[in-house]
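Remarks on the structure that follows.
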Amino acid sequence: MATDVISLITEDHRTVEALFERLKKEEGDPKTTVAELHALLTAHARAEEDRVYPDLDAHHGLEEHKEAEVLLDELVRARPGTPEFRQTLEKLSSAVTHHVEEEEGDLLPQLARQAGKQRLEELGEAFKQRRDEELRALRAVHDGATKAELYEQAQQADIPGRSQMDKEELQEAVRKSTS
Ligand SMILES: [Fe+2]
């Protein structure tokens, strides 16, 4: 697997595009996909800002990242299936497409020209470390929310012993109570 910064960033872009596709085609659970999109885009943007943009002197990307962050928050709050959700998804996906085109068409080739092979590897390492650290923290927040939601469902279904259950047990008990 390639470990230079250009390959890593490009890979993330493809993953993000696949998540947008899932949401547009309404495949799978939209809330889970939105949470994953939120975590990945946020971690990706922070790692770029902290570890890659300084080498490029690219201030331009920061504005776009902020815009995407606002839209991401709106998408997390919107209810899947509503016109508001679809509109926000459209806006966010075109903002991200623009960012991807600019990076892959301009910024990354510029970086490839100015940095040597070794520097690209170093940046890749730094980018990945920062991105993974962010991703772990964001996913933990999401899992926490999910456990709280499950607990609430267990409470509504009056499942005995719920306060002693871990996330998997809650999931199982809630599933049984609704089937
Ligand atoms: Fe990017």
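Structure notes:
- The chain, dipole about Cα centre (Lys/Arg Cβ +1, Asp/Glu Cβ -1), debye to the nearest 20: 580
- Taking a straight Cα-Cα cut-off under 27 Å and skipping sequence neighbours fewer than 8 places away in the same chain, the lysines within cross-link reach of LYS167 are LYS31, LYS147, LYS176.
- Radius 12 Å from Cβ of HIS38, net charge of other residues (Lys, Arg +1; Asp, Glu -1): -2
- Eligible lysines near LYS128 by straight Cα distance, threshold 22 Å, same-chain separation 8 or greater: LYS66, LYS117
- If you take the Cα centroid of the range 3-36 and the Cα centroid of the range 63-132, the two points sit 11 Å apart.
- What the Kirkwood sum gives for the range 5-131 is a hydrodynamic radius of 15.1 Å, with every pair of different alpha carbons counted.
Just so you know, all these numbers are worked out from the coordinates, no wet-lab data involved. Fair warning: this is a prediction, and the values are worked out from it, not measured in the lab. Because the Cβ atoms are built from the backbone with ideal geometry, glycine has one as well, and the counts that use them run over all protein chains shown.
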